[in-house]
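What follows is a set of notes on a single structure, which appears directly below.
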Amino acid sequence: MSFRDNLLHLRASHNMTQEQLAMILGVSRQSVTKWESERSYPEMDKLLKLCQTFDCTLDDLVQGDLTNQQPNAACKVTTNTPPADVFGYDEHMRKFANKIAGGVLSVVLGCAISIIFFSAGDPSTASLFSLPENTAAAIGTICVLIGVAIGLILFIPAGMEHSQFVREHPYIEDFYTSEQKTSARTAFYWQLIGGIAIIFAGICIILLFSDSPYEDSIGTVSMVACVAIGAALIVRGSINLSRINLSNYNLAAGEILEAHEINESNIPQEQKEELLAVKRTDKRIGAICGTIMMVATIVGLVMLFVPEYSTPFFWLAWPIGGLLCGISSVLIKGFSNN
């Protein structure tokens with residue numbers, strides 16, 4: 001008997017799925033699949049854990065014949081055992097939501113702080129302190145750049161980590177209970193209401209200081225700061241709500257994975273076909289949007305440099321092109337038969 005045969009028998013006799021065994025061992029489902037297809041071999045610590053789990057010796061597991069061994073009732077898993085978060089998906093998505101929300105907060109808050117210094121350098125605006133105009137402009141610009149820099153420091157690694165997570169786990173079985181989903185929806189409602197309330201409070205503050213000397217230095221700063229906090233709350237709540245929709249996550253994997261990665265991944269065939277269909281649709285959208293934006297660029301350059309068509313509104317070519325891309329994307333996804 002080979003290790004593969006013993007492992008297959010032990011898992012089947014104990015009514016374990018690959019996900020359940022992976023959860024016990026602290027590995028991914030793909031690792032268990034590779035062991036059972038003899039594409040890789042577990043490390044020693046995992047072998048010892050397998051021996052403890054199935055109550056067998058290392059020699060018997062690796063070289064012996066365990067097909068006659070009686071299942072260990074202590075580790076036997078019933079067939080109706082609910083799915084579990086084997087890959088740390090929930091923790092990953094919560095961290096992703098926090099980083100994206102933090103990036104939004106940093107960028108907008110940096111703008112709010114910069115307004116304080118810009119106002120301090122404007123002699124026509126009342127401010128809590130005053131600075132030379134050049135100094136105020138320099139410090140204000142630095143505040144904007146710092147906010148953007150912090151935002152990028154959060155956005156870029158978060159996006160890369162999420163893409164890598166999706167590549168490693170393109171298919172995740174829905175493990176959330178109805179109670180957890182209800183709790184996530186409730187949390188989103190409160191964060192949405194809280195975010196809107198904070199933004200509304202900022203609008204009230206700027207209205208309160210309108211037509212006063214402190215309209216910019218206090219009113220505008222307060223409003224932008226409230227927008228930063230409210231937007232961050234809404235973004236965080238939205239991402240945390242989306243995390244419980246694993247069917248959308250599984251489909252969205254097709255937008256990140258390449259076709260060969262989808263074909264080589266260890267996911268159900270039906271899911272694989274859906275991901276390949278998404279990838280084909282994305283290619284069509286990319287080709288059409290690329291063509292639209294090239295035409296928009298040509299039109300914009302003509303409106304800028306050709307005297308007969310010259311206009312100060314040449315820049316509208318690109319927003320209109322982007323709008324057409326969005327409309328095309330919606331129509332293609334809505335009417336595509338994949």
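So for the chain, averaging the separation of alpha carbon pairs under 8 Å that are six or more residues apart and normalising by length, what relative contact order in percent results?
In percent, rounded to a whole number, it is 15.
Just in the range 148-213: which trypsin sites (Lys or Arg not before Pro) are loop by DSSP and have at most 15 other Cβ atoms within 10 Å?
On the way: sites: ARG167, LYS181, ARG185; in loops: none.
Loop-located and lightly packed - none at all.
For the pairs LYS46/LYS279; LYS46/LYS95; LYS49/LYS99; LYS46/LYS283; LYS99/LYS283, flag any whose C-alpha to C-alpha distance is greater than 32 Å. Mind dumping the intermediate values first?
Values: LYS46/LYS279 36 Å; LYS46/LYS95 28 Å; LYS49/LYS99 35 Å; LYS46/LYS283 42 Å; LYS99/LYS283 29 Å.
Correct reply: LYS46/LYS279; LYS49/LYS99; LYS46/LYS283.
For the range 177-259, take N as its residue count and report Rg(C-alpha) divided by 2.2 N^0.38 Å.
1.56
Determine the per residue accessible area of the chain with all protein chains present and a 1.4 angstrom probe, expressed in square angstrom.
Per residue, the chain has 56 Å² of solvent-accessible surface.
So, R0 is 51 Å and r is the distance between the beta-carbons of ALA12 and MET160; what FRET efficiency does that work out to, to 0.05?
0.85
How much length is gained on full extension from LEU304 to GLU36, taking 0.36 nm per residue of separation minus their Cα-Cα distance?
Between LEU304 and GLU36, full extension yields 90.1 nm more.
Please identify the longest segment of the chain free of exposed chymotrypsin sites (Phe, Trp or Tyr not before Pro), where exposed means a DSSP state other than H, G, I, E or B and no more than 10 other Cβ atoms within 10 Å.
Numbers: sites that count: PHE129, PHE313.
Between exposed loop sites, the widest span is 130-312.
How far apart, in nm, are the 7 Å Cα→Cβ label points at LYS95 and PHE313?
With each label point 7 Å from Cα toward Cβ, the separation is 4.9 nm.
State, to one decimal in nm², a quarter of the convex hull surface area for the C-alpha atoms of the chain, i.e. the direction-averaged projected area.
Directional mean of the projected Cα hull area for the chain stands at 25.5 nm².
If you filter the range 1-50 for GluC sites (Glu not before Pro), then keep DSSP loop positions with at most 12 other Cβ within 10 Å, what is left?
Those that pass, being in a loop and sparsely packed, are GLU38, GLU43.
Taking the Cα centre of the range 86-232 as origin and charging only Cβ (+1 Lys, Arg; -1 Asp, Glu), how large is the dipole, in debye to the nearest 20?
For this selection, approximately 220 debye.
To the nearest 500 deg cm²/dmol, what mean residue ellipticity at 222 nm is calculated for the chain from DSSP H runs of n ≥ 4 alone, each contributing -39,500 (n - 2.57), summed and divided by the residues? Before the final figure, lay out each step's value.
Details: 13 runs with 237 residues, N = 338.
Only helices count here, giving -24000 deg cm²/dmol.
The values are calculated or read from the model by the stated rules, or taken from the named source; none is laboratory data. Remember, predicted model here, so these are calculated numbers, not experimental data. No Cβ is skipped: glycine too gets one built from the backbone with ideal geometry, and neighbour counts run over all protein chains shown. When the accessible area is computed, the model is the full protein with side chains, heavy atoms only, and any ligands, DNA or RNA have been set aside. Shrake-Rupley method; radii C 1.70, N 1.55, O 1.52, S 1.80 Å.
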